[in-house]
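A.B. asks: Take this structure, written in C-alpha cells, and hold onto it; I'll ask about it next.
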Amino acid sequence: MKIKPIKNEKDYQNALTRLEVIFDAKKGTEEGDELEILSIIIDNYEKENFPIEMPDPIAAINFRMEQMGLKQKDLVEMIGFKSRVSEVMNKKRKLTLEMIRKLSTNLKIPTDVLIQDY
C-alpha cells in the first residue's frame, strides 16, 4: 500500500482509479485499509476543491415540497395565509424566524439553509 496526498488533478484521477480497483476490498485486509484511507483523502480533496454550496432557501423548500408531494396550499400552516405563501415562494416577502422554525420542523430542512439571504 502506497498512499500519498492528492496535490493536483492528476493525483486525484489516479486516486479515483485506484479506488475503483479496490472498491470491493474486505475490511481488515491490506486493501480494505487502503480503501478506507484513500476514501478519506479523496473526500478531503473534494471538500476543499469542489465545495457544494447551500441551496437557496426557496429552492430548498420547493425541492422538499416536491419530495413530499406537497403543494403551496400545504404551507399555509407553516407560513400563514395563502397570499403570504405566494409572496414568500415568489421571493416578494422574506421568511420570518417563526416561519423558518416551522418549515425546519415540518419539512426537515436545516435552519442554516433557511436563514440565508435571498
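The values are calculated or read from the model by the stated rules, or taken from the named source; none is laboratory data. On a predicted model such as this, the values are computed, not experimentally measured, just so you know. Every residue, glycine among them, receives a Cβ derived from its backbone with ideal geometry; neighbour counts consider all protein chains shown. Surface accessibility is based on the protein's heavy atoms, side chains included, excluding ligands, DNA and RNA. Shrake-Rupley method; radii C 1.70, N 1.55, O 1.52, S 1.80 Å.
A.B. asks: Output the number of residues of the range 72-118 satisfying the condition of being free of Cβ contacts under 8 Å to residues at least 60 places away in the same chain, outside any helix (DSSP H, G or I) and of a type in the set (Ser, Thr, Tyr). Lay out the reasoning, then the answer.
C.D. replies: Quick first cut of the range 72-118, residues free of Cβ contacts under 8 Å to residues at least 60 places away in the same chain only: 72-115, 117.
Among the residues that remain, those that are also outside any helix (DSSP H, G or I) are: 80-81, 90-96, 108-110, 115, 117.
Next, from what is left, pick out any that are of a type in the set (Ser, Thr, Tyr): 96.
Qualifying residue count for the region: 1.
A.B. asks: Would you be able to tell me the number of residues in the range 30-73 that are open to solvent by less than 60 Å² (accessible area, probe 1.4 Å), of a type outside the set (A, V, I, L, M) and more than 23 Å from the chain's Cα centre (by Cα)?
C.D. replies: Residues flagged as open to solvent by less than 60 Å² (accessible area, probe 1.4 Å), of a type outside the set (A, V, I, L, M) and more than 23 Å from the chain's Cα centre (by Cα) within the range 30-73 amount to 2.
A.B. asks: I'd like the residue in the range 1-12 that is part of a helix (DSSP H, G or I) and open to solvent by less than 50 Å² (accessible area, probe 1.4 Å) and, out of all such residues, is nearest to Val113 (Cα to Cα). Let's see the steps before the verdict.
C.D. replies: Initial filter on the range 1-12 (part of a helix (DSSP H, G or I)): 9-12.
Keeping just the survivors that are open to solvent by less than 50 Å² (accessible area, probe 1.4 Å) gives 11-12.
Details: Asp11: 33, Tyr12: 30 Å.
Looking at residues that are part of a helix (DSSP H, G or I) and open to solvent by less than 50 Å² (accessible area, probe 1.4 Å), I get Tyr12.
A.B. asks: For the range 19-39, state whether one or more residues are of a type outside the set (Ser, Thr, Tyr) and under 30 Å from Ile115 (Cα atoms). I'd like the intermediate steps shown before the answer.
C.D. replies: The first filter runs over the range 19-39 and keeps only residues of a type outside the set (Ser, Thr, Tyr), leaving 19-28, 30-38.
From the residues that got through so far, the ones that are under 30 Å from Ile115 (Cα atoms) too are none.
Within the range 19-39, not a single residue is of a type outside the set (Ser, Thr, Tyr) and under 30 Å from Ile115 (Cα atoms).
A.B. asks: Applying the selection to the range 13-29, what residues are within 25 Å of the chain's Cα centre (by Cα) and open to solvent by less than 70 Å² (accessible area, probe 1.4 Å)?
C.D. replies: Scanning the range 13-29 gives Ala15, Leu16, Leu19.
Yes or no, residue by residue, for (1) under 20 Å from Thr111 (Cβ atoms); (2) charged (D, E, K, R); (3) modelled with pLDDT of 95 or more:
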{"position": "Ile3", "(1), (2), (3)": "no, no, no"}
{"position": "Glu9", "(1), (2), (3)": "no, yes, yes"}
{"position": "Gln13", "(1), (2), (3)": "no, no, yes"}
{"position": "Lys27", "(1), (2), (3)": "no, yes, no"}
{"position": "Leu38", "(1), (2), (3)": "no, no, yes"}
{"position": "Ile42", "(1), (2), (3)": "no, no, yes"}
{"position": "Ile58", "(1), (2), (3)": "yes, no, yes"}
{"position": "Leu70", "(1), (2), (3)": "yes, no, yes"}
{"position": "Val76", "(1), (2), (3)": "no, no, yes"}
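A.B. asks: Tell me, which residue of the range 77-105 that is surrounded by 14 or more Cβ atoms within 10 Å (Cβ to Cβ) and among the β-branched types (Val, Ile, Thr) is nearest to the chain's Cα centre (by Cα)?
C.D. replies: Ile100
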